[in-house]
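Asker: Quick one: the structure is below, questions incoming.
The values are calculated or read from the model by the stated rules, or taken from the named source; none is laboratory data. Just so we're clear, the structure is a prediction, and the values are computed from it rather than from any experiment. Heads up, the Cβs are rebuilt from the backbone with ideal geometry, glycines too, and the neighbour counts pull from every protein chain shown.
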Amino acid sequence: MFPVVSLFLIILPGFLAVPAGAVGQFLGGFIIRKFKLNVLGIIKFNLGCSVAVLLFAAAFWAKCEQTKVVGLNLDYQLIESQ
């Protein structure tokens with residue numbers, strides 16, 4: 001059902017997380033320099049970004065139909081008996 005090599009699935013998060021972290025660092029520094037934020041402004045900016053992340057993270061709680069995958073949520077015995 002999912003023709004993906006497991007090694008690729010192990011390495012994929014690293015390939016995504018490292019560049020995303022680097023871009024986030026540079027983008028944050030650019031915004032701070034562009035708007036000439038002081039320490040209080042940086043704290044407000046950080047708080048605003050944290051609130052935005054929490055709001056967008058609510059999408060992970062959305063309910064979707066569960067796919068049946070043998071070995072995860074479907075027993076092997078049920079497949080063999082059919």
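Asker: Out of the stretch 36-74, which residues are touching a helix residue (DSSP H, G or I) at 6+ places or on another chain (Cβ under 9 Å) and exposed (fewer than 10 other Cβ atoms within 10 Å of the Cβ)?
Answerer: none
Asker: Of the residues 27, 55, 7, 40, which single one is farther than 30 Å from residue 69 by Cβ and at pLDDT below 95?
Answerer: 55
Asker: Now a separate question. Only one of (1) touching a Cys at 6+ places or on another chain (Cβ under 9 Å); (2) exposed (fewer than 10 other Cβ atoms within 10 Å of the Cβ); (3) not hydroxyl-bearing (Ser, Thr, Tyr) is not met by residue 28, so which one is it?
Answerer: It fails just one condition, (2).
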